[in-house]
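Accompanying notes for the structure given below.
The values are calculated or read from the model by the stated rules, or taken from the named source; none is laboratory data. On a predicted model such as this, the values are computed, not experimentally measured, just so you know. When we count neighbours, we look across all protein chains shown, and the Cβ atoms used for this are built from the backbone with ideal geometry, even at glycine. In case anyone asks, the SASA skips ligands and DNA or RNA and just uses the protein heavy atoms, side chains included. Shrake-Rupley method; radii C 1.70, N 1.55, O 1.52, S 1.80 Å.
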Amino acid sequence: MSIPSDDPPAFDPLEPSVPISYPIKTLEELASRSYFDSFHYPFNKSSVPLEMNQFLPDRPRILVCHDMQGGYGDDKWIQGGQNASGFALWHWYLMDVFVYFSHSLVTLPPPCWTNTAHRHGVKVLGTFITEWEEGTIICNTLLESKESAQMYAERLAELAVALGFDGWLLNLKNKLDAEQVPNLGEFVSHLTKTMHSSVPGSMVICPVMNATHVALDVLKKDNVSAALFAPGWIYETDQPPDFQTAQNKWWSLVEKSWGTLQTYPKMLPFYSNFDQGHGFHISSEGSQVSDVPWDNISCQGLQPFLEFNDKPAQDPIQVLVNLKEASYSGGGNITFKGTLEDADFTTRLFKGELKLGDSPIYLTYSVKSEGNSQLGLLLQFSSSMNERKSVVVAYKETKLFSGKFSDVIVPLQVESPDMAAGWVVLESSIAMIGYTLTEIHALCYKPKTDLHRFILESSSHPAGYFAVLGNLKIKTLEQNSREIDFPPSSSWLVEYQYLKWSSDPQGSRIISFKLTWKLKVGNDSLFSKYNIYVEKLAQGSSRKQGEKLTRRQEYLGVSQVEAYYVSDLKIPTGTNSLKFFIQACTVDGSYQKLDDSPSLQLEVEGQ
């Protein structure tokens, strides 16, 4: 009789399983190109191109090296995990280059980091490292000849191109013989040349130095670039009072020293739902579709430039990215809460460089508030002659702002049958020909009557304020007027592979398989992601005449590529078929209706 082992089976990259990211640990693996045969390879391709800042600006730059808990933690789960408190970065506007680091030979950045970094205009590098005695042995093979140096360089370049990241950090930490130095030069130069020819603007670098925020001031004065290593230290050491606050405080020191490096909006359409890539629920048009804790950095929306205040109690309104309050889209929002004694309160959301053309821009945002709390937007514009204008978008009580700003625009309320109760979506057009949109601020205010009442009442009754900003979208006239033409479900080819049935101890059936889809004709790169839902259909489902059949489409997850692995899905007793929906989503937050989406129906075996 065999004795069962407590050790999990060895990882086999060829076997179907929940998709993960993992490094290459030997030169043999690198040379053989075995990674491309892995079941996990197609899932590891990043889906967001670097459209902003393809070439780095001619100024001192900041590189951030991840180096957190050895790498491949919660972020290795490509389709997301269930750690709502998982590590993430969101101060992308304070960096130029992000390096994903581990101590394996070839560290391949998980696509979640490449996707969100590219979304924010930041380049991503993988790491090639040799160290200690093992590193000496590796370098003896790597640098054996000019031909070997070139071959391994080409393998690294091939990986970066295939997975969609922007280059390599080379970190050789072991001793080399003098005769190996020429081939080391050949390795670096051939990798650089191959990367540049394959990916314009790509990078191959060796480490600048390690710097803390104290040293940043000195580096800035000397007009040199800086590298920040292991920002995950804040997370690993559980800095008080909590990770969100500690991280915001640490990065505020970087901003104070070096200022903002990235700006957005810079191009249209512009969209953010303020999702940080982790949370406690997921929503769609204000309706919660999942209450399961989750983390998936790929889902991170463009992050706001919220200013950090060491003493938040001194501000009348506290402003925070809130993962627990109800969201309009995804799992995050910006919450404004406190007391409003003055006429209004403003706070920065974004810093932009959006040059406006001859046609108007269309601004859409969603709000949920309590009582008479109102939330508008304040937009700052600048002309080529350095003329500055401030435009307020406010739904009610516009007399409050008369004479205070350049213009006040009253938005229209957008009606939608799918919108959850309590949410309001507002839309307005703004024509500022020849101007550049430089800043977007939130504007908190209350009706004048409430403010007068507060002044008359005793100070023991504060003028309470609470509002939530769910999302923000800016389009051109052409983009706004053009109806999004989602391909009909018949336009898609939906298939499955690696179908596996099993049962749990209670006798419930369990299914696992790989779901794939592609357009039969056309370009599916128009879609930024796909939401996956399932409908469990019971045998003999029927309804009485005039009675509506209740349908429940359950949210399973999200995919950034045209594939999703359904893992160990438990099927209730009495279910005879499963219908899987693939909901296409666009970069501006729009999505196809589920009933119009491509789908796949499977009969349940053994029920």
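Assorted remarks:
- Dipole of the range 1-128, positive direction: furthest Cα of 56, 27, 86, with charges on the beta-carbon: 56
- Placing +1 on the Cβ of every Lys and Arg and -1 on the Cβ of every Asp and Glu, with nothing else charged, gives the range 75-214 a dipole about its Cα centre of roughly 480 debye.
- Across the chain, Cα pairs under 8 Å and at least six residues apart give a relative contact order of 12 percent.
- Taking other residues whose beta carbon is less than 11 angstrom from the beta carbon of residue 327, and scoring Lys, Arg as +1 and Asp, Glu as -1, yields -1.
- The range 586-606 and the range 561-578 have Cα centres lying 13 Å from one another.
- Size of charge dipole - the chain - debye, nearest 20, with Cβ of Lys, Arg +1 and Asp, Glu -1, no other charges: 1500 debye
- Inter-centroid distance (Cα atoms) of the range 383-406 relative to the range 477-535, Å: 45 Å
- Residues 438, 130, 573, ordered by accessible area of protein heavy atoms at a 1.4 angstrom probe radius and largest first, appear as 573, 438, 130.
- Protein heavy-atom surface of the range 268-384, 1.4 angstrom probe: 42% of the accessible area is carbon and sulfur, with nucleic acids and ligands not counted.
- P(r) histogram, all alpha-carbon pairs of the range 1-134 included - 10 Å bins from 0, percent: 11, 36, 34, 15, 3, 1, 0
- Working value for the chain: equivalent-ellipsoid semi-axes of 42, 35, 23 Å, each the square root of 5 times a Cα gyration tensor eigenvalue, largest first.
- In this Cβ point-charge picture (+1 for Lys and Arg, -1 for Asp and Glu), the range 269-362 has a dipole of about 160 debye about its Cα centre.
- Residue 307 accessible area, 1.4 Å probe, all protein chains in place, Å² to nearest 10: 120 Å²
- Relative to one another, the C-alpha centroids of the range 33-87 and the range 129-173 are positioned 19 Å apart.
- With contacts taken as Cα pairs under 8 Å and at least 6 residues apart, the range 90-178 reaches a relative contact order of 32 percent.
- For residue 349, distant residues with modelled amide H under 5 Å away: 440, 441, 442
- Per-residue [θ]222 nm for the chain (sum of -39500 (n - 2.57) over DSSP H runs n ≥ 4, rounded to 500): -5000 deg cm²/dmol
- Efficiency of FRET between residue 178 and residue 223 - r from beta-carbon atoms, R0 41 angstrom, step 0.05: 0.75
- Solvent-accessible surface (1.4 angstrom probe) belonging to residue 532, in square angstrom, nearest 10: 0 Å²
- Accessible area per residue in Å² at 1.4 Å probe, computed on the chain: 47 Å²
- Most to least accessible of 400, 472 (protein chains only, probe 1.4 Å): 400, 472
- Using a probe of 1.4 Å, the accessible surface attributed to residue 341 totals some 110 Å² when neighbouring protein chains are kept in position.
- Between residue 198 and residue 26, the simple spin-label model (points 7 angstrom out along Cα→Cβ) gives 2.3 nm.
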